[in-house]
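These notes are about the structure you will find just below.
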Amino acid sequence: MTPPPPIAEKRPTTEVRHGHSRTDDYAWLRADNWQDVMRDPDVLAADIRAYLEAENAFTRTVMAPLDETIETLFAEMKGRIKEDDSSVPLPDGPWAYYRRYREGGQHPVFCRRPRDAGETAEAEQVLLDGDAEADGQAFFKIGAFDHSPDHRLVAYAADLNGSEIYTLRFRDAETGRDLDDRIDNAHGAIAWAADGRTVFYTVLDDNHRPHAVYRHEVGGDPNDDVCVYEEPDSGFFVGVSVSESQRLLLISAHDHQTSEVRFLDAATPDGDWRMVAPREAGHEYDVSDTENGFLIRTNADGAEDFKVVAAPFDRPDRAGWRDVVAHEPGRLILSIQTFKDFWVRYERINALPRLIIVGANGEEHAIDFDEDTYALGLGGSYEYDTSVMRFTYSSMTTPERVYDYDMDTRHRVLRKEQEVPSGHDPAGYVTRRIEAVAADGETVPVSLLYGKDTPLDGSAPVLLYGYGAYGMSMPAAFATARLSLVDRGFIYAIAHIRGGMEKGYRWYRDGRAGKKVNTFTDFIAAADALIGEGLATAGNIGAHGGSAGGMLMGAVANMRPELFGAILADVPFVDVLNTMLDASLPLTPPEWPEWGNPIEDPTAYETIRAYSPYDNVAARDYPNIFVTAGLTDPRVTYWEPAKWVAKLREMKTDANTLCLKTNMDAGHGGAAGRFDRLRETAELYAFLLAAMTSSGAKLG
């Protein structure tokens with residue numbers, strides 16, 4: 001018999017803000033020493049730990065009847081992964097660099113071999129063995145790995161508890177020996193100067209924000225490292241990188257709406273950094289270099305969907321900018337990548353990506369693709385003086401392919417196609433797109449994947465996925481795990497809702513801050529459209545989202561709970577108002593442009609309070625809900641899902657299942673090992689199957 005769920009003690013706290021009084025019964029679940037918990041989870045207060053462990057024990061009991069289903073799903077998912085997989089080597093001078101996995105291995109092995117040696121095992125040199133480094137660690141993740149320009153050293157950043165607090169180390173590439181240099185409290189971003197001895201890295205402040213860039217000379221004492229830039233605005237993050245030509249070092253300072261870039265000749269690492277263009281509220285830009293100057297992607301002068309300008313090195317400010325690619329409404333320029341004689345423009349029109357190649361003479365051509373819906377990605381390059389660029393392609397039915405494309409001859413070479421060892425026949429599946437009509441008349445694209453024999457009469461269960469934040473678009477890409485649902489008769493759907501940028505920057509603008517509710521109503525419109533098309537019925541739709549997409553899950557659970565049979569909420573950002581009122585938290589000041597600042601703005605306070613999932617839990621029936629959290633998560637702190645679940649347990653009027661699983665050894669991304677992550681997905685899908693289908697074991 002299943003024991004009763006844990007009931008959190010109510011310890012009311014009251015706050016008055018902008019003339020409104022709010023009581024929070026579960027504020028005590030927030031650790032006052034959260035900065036210390038991020039570094040050492042063992043210092044978590046005993047009463048909080050006891051509550052989280054009680055929830056975990058309840059979840060284990062509820063899920064116990066599904067152990068066989070979980071193992072079956074996990075075996076299927078693992079069987080679709082080539083265990084000894086390897087990336088396509090990326091050439092850089094005399095070497096080609098790549099990462100691979102060994103059979104049964106959880107973590108990547110970073111390697112190189114002589115450029116022209118071929119794929120012989122004898123030629124391989126292992127630079128960092130992730131499995132060996134992770135041995136004995138409850139959590140291990142490499143956040144950055146980069147070799148020096150002279151190929152003698154590698155720098156790598158390791159996170160040992162999921163808190164995204166990295167330790168930066170240096171290794172002799174020939175001997176494999178770590179040097180004595182050890183830099184703690186790093187954020188993971190690194191950039192080598194041209195001398196191969198000087199490296200720049202970012203560090204965290206007391207509130208876990210990357211706020212400064214330091215210069216380190218390998219072999220020196222990290223205590224003597226020089227701060228070359230410190231960001232005075234707590235609402236901005238900083239990053240450091242190297243330009244495409246590797247001639248320049250770049251420091252970027254940015255929030256979600258505004259950016260600022262500085263540059264330095266990589267050959268003079270102790271020189272003075274110069275500004276490209278000073279920050280202006282709402283102006284976003286990023287910088288690439290060419291033989292003759294900068295190419296800059298910018299939204300200046302009303303170019304909402306971005307344009308590309310050129311600027312000379314000696315006059316990089318806006319007064320010297322010259323339009324190269326004019327703004328075209330509805331054509332969102334996502335990024336650019338430069339080479340010596342070419343540059344590439346990655347853009348999106350009507351929710352479909354495109355790659356445009358531009359030659360030195362300004363002549364453009366696009367790379368053509370056959371399918372109606374697909375996903376693209378730029379593959380990166382270590383080399384600047386080359387005509388070959390790399391890109392990836394997939395669709396919801398087509399496994400990922402890696403191509404090398406000669407921009408001069410316009411010939412593409414397939415370098416790798418994702419293998420599915422257990423077998424995959426794209427012809428056995430259908431992918432297509434429907435349009436949902438939103439509450440204000442906007443049309444919302446919805447991408448679908450289902451088996452060719454799946455009944456389309458509303459009897460098939462549906463899993464609807466959504467995110468809708470930060471301008472992040474959800475690609476219609478191939479993913480093997482979801483096939484375990486589709487092969488069991490599910491229709492898998494992705495709602496391309498506002499808050500992303502699938503339909504241009506306007507799509508993002510209309511789904512943030514004061515217009516955030518559009519994200520939620522778009523998702524509901526997608527569910528209603530599935531019902532209207534005869535593909536689904538109310539109550540037979542599952543919903544899935546994580547992080548900001550978890551906020552979406554909490555909002556739609558409050559707004560239209562009858563639509564959904566089950567909700568999967570990964571590390572959900574559900575305590576939005578309390579978090580945006582707490583300026584000490586890592587992401588709060590940088591997030592105010594995204595959500596609004598309820599500390600200063602009464603209108604933002606009211607807007608967030610009206611949709612914040614935690615604040616709007618009420619006495620009503622809710623679907624079956626499975627919630628995950630990470631104890632050392634700096635992005636969505638563990639207490640947000642914990643508080644939400646506690647309040648749901650108190651208020652909900654149904655007998656449906658509610659589970660909270662807190663990973664006590666990980667952060668925002670869950671388990672670090674690739675198979676451990678698959679097992680977590682298998683657990684979510686087992687819950688979904690038990691809640692929404694009549695076959696198999698039931699929840700305890």
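The values are calculated or read from the model by the stated rules, or taken from the named source; none is laboratory data. The model shown is predicted, which means the values in this text are computed figures rather than measured ones. Glycine also receives a Cβ, built like all others from the backbone with ideal geometry; neighbour counts cover every protein chain displayed.
Scan the stretch 621-631 and give yes if some residue there is buried (at least 17 other Cβ atoms within 10 Å of the Cβ) and either free of Cβ contacts under 8 Å to residues at least 40 places away in the same chain or at positive phi (or both), otherwise no. No, that holds for no residue.
The set of residues in the stretch 410-458 being in a loop (DSSP other than H, G, I, E, B), exposed (fewer than 13 other Cβ atoms within 10 Å of the Cβ) and without any contact (Cβ under 8 Å) to a residue 40 or more places away in the chain consists of 423, 425, 441, 452, 453, 455. Of the numbered criteria (1) within 23 Å of residue 547 (Cβ to Cβ); (2) touching a helix residue (DSSP H, G or I) at 6+ places or on another chain (Cβ under 7 Å); (3) modelled with pLDDT under 95; (4) not polar (S, T, N, Q), the one residue 642 fails is (3).
Residues that are farther than 20 Å from residue 677 by Cα and touching a helix residue (DSSP H, G or I) at 6+ places or on another chain (Cβ under 6 Å) are absent from the stretch 156-168. Out of 534, 468, one residue alone is farther than 18 Å from residue 613 by Cβ and in contact (Cβ under 8 Å) with a residue 40 or more places away in the chain. It is 534. Which residues, counting only those in the stretch 358-376, are surrounded by fewer than 11 Cβ atoms within 10 Å (Cβ to Cβ) and among the polar types (S, T, N, Q)? Passing the criteria: only 361. With respect to residue 392, determine if the residue is under 23 Å from residue 370 (Cα atoms), touching a Gly at 6+ places or on another chain (Cβ under 6 Å) and not basic (Lys, Arg). Criteria met by residue 392. Residues in the stretch 158-206 that are acidic (Asp, Glu) and either more than 24 Å from residue 249 (Cα to Cα) or more than 28 Å from the chain's Cα centre (by Cα) (or both): 159, 172, 174, 178, 180, 181, 195, 206.
Can you find a residue in the stretch 525-544 that is farther than 30 Å from residue 456 by Cα, within 24 Å of the chain's Cα centre (by Cα) and assigned to a helix (DSSP H, G or I)?
Checking the stretch 525-544: not a single residue is farther than 30 Å from residue 456 by Cα, within 24 Å of the chain's Cα centre (by Cα) and assigned to a helix (DSSP H, G or I).
In the set (1) in contact with a helix residue (DSSP H, G or I) (Cβ under 8 Å, 6 or more places away or on another chain); (2) loosely packed, with under 12 Cβ neighbours inside 10 Å, the condition left unmet by residue 48 is number (2). Go through the residues of the stretch 356-371 one by one and say whether even a single one is aliphatic (A, V, I, L, M), in a loop (DSSP other than H, G, I, E, B) and modelled with pLDDT under 95. Yes.
Residues that are touching a residue at least 60 places away in the same chain (Cβ under 8 Å) and buried (at least 17 other Cβ atoms within 10 Å of the Cβ) number at least 1 in the following strands (runs of 3 or more DSSP E) confined to the stretch 188-243: 198-204, 237-242. Restricting attention to the stretch 122-155, the residues that are out of contact with any helix residue (DSSP H, G or I) (no Cβ under 7 Å at 6 or more places or on another chain), of a type outside the set (Lys, Arg) and outside any loop (DSSP other than H, G, I, E, B) total 20. Of the residues 69, 2, the single one that is within 19 Å of residue 626 (Cβ to Cβ), in contact with a Gly (Cβ under 6 Å, 6 or more places away or on another chain) and in a loop (DSSP other than H, G, I, E, B) is 2. For the stretch 645-680, taking the residues that are of a type in the set (S, T, N, Q) and crowded, with 20+ Cβ neighbours inside 10 Å, the one that is farthest from residue 546 (Cα to Cα) is identified as 657.
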